[in-house]
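None of the figures in this text is laboratory data; all of them are computed from the coordinates on show. Owing to the predicted nature of the structure, the values given are computational and were not obtained by experimental measurement. Methodologically, a virtual Cβ is constructed for each residue, glycine included, from the backbone with ideal geometry; neighbour enumeration extends over all protein chains shown.
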Amino acid sequence: MKLIKAFGLSTMFVLATMVVVGVDSASAGTQVAGCLGFLEKDKNGHMSCVGTYHLGVAMKIKAGASNPIFEGSLAQACGESNTAMTAQTGKEAGTEGILSVTALSFTGECKPCSKVEATGLPYAKGTISMPSEVEDDFVFESGAVSVTLAGCPFGISCKFSAKNAKLKYVVSEGFTSNELRAEGVALERVGGSEMCGSVSKWYASYVASTPSEWWLGLN
C-alpha cells in the first residue's frame, strides 16, 4: 500500500482510516479501508500500514467552513457551516466507498436571508470515488441535497435542491489539514419565489477537525 498523503504527525495509533483504490481494477471503485495496527515509513519513505486492512470500517468525519455562500440572485452568505458525515467501505473489495452526510448546518450572521436550513437529512447513498488517475483526485459525493432560505427580503422564501453534491478532496501544503470543498455545486430552485432565481451555486471549504489524522492512499 503506497501512502500519498498524511495528516497529523503521529505515526502510531489503534485505528487509522484510509481511502484506497479497490484491488479489482475492473471495478474502478474506491473504498475506505482501516489499518488495524500502526503506521511506519518504508524504505522509500512512504508511510504504510503494519497490520491488516479491513472492509466494513466506518469513519465519522466532522468539518467546518467559514463564510459559505450561495451564489445567485440573492447572493446568500452565512458566517459558518458545519457538517458531519460517515464514510464506510463496501462489503466486498473493489466496491466504491459509501458516504452518508448526517448533519449540515449554516449559522452565524446570514444575509440577505436570515435563516439557511439544510432539510431532508441524512443525505445517504453517497459515494467516495477517484474519477481519474491523477494523484489526490478524490471526490466525496453525497446523495440528494435540499436547502431552504427563509427570512428573506420582501418576505419571500426559497428552496433549492440537487440530486447530489460533489465535494472535492484537497490537502493543504505541508499536510497540516484536509478539506472537502463545494466548488460551485449547482442547486436548482424547487420552491419559493421566482425572485430567488432558478439556480444557486454553493461554495464552501470544509476543514476536517475529526478525525485529526486520516489518509488517502493508492493500492
Legend entry - Net dipole in debye of segment 59-211 [+1 Lys, Arg Cβ; -1 Asp, Glu Cβ; about Cα centre; nearest 20]: 580 debye
Inset, instruction - Using only C-alpha positions, report the orientation-averaged shadow area of the convex hull of segment 59-211, nm², one decimal. - result: 9.3 nm²
Inset, instruction - Anything over 24 Å Cα to Cα? Flag those among Lys62/Lys168; Lys115/Lys168; Lys43/Lys168; Lys60/Lys115; Lys125/Lys201; Lys60/Lys201, in the order listed. - result: Lys115/Lys168; Lys43/Lys168; Lys60/Lys115; Lys60/Lys201
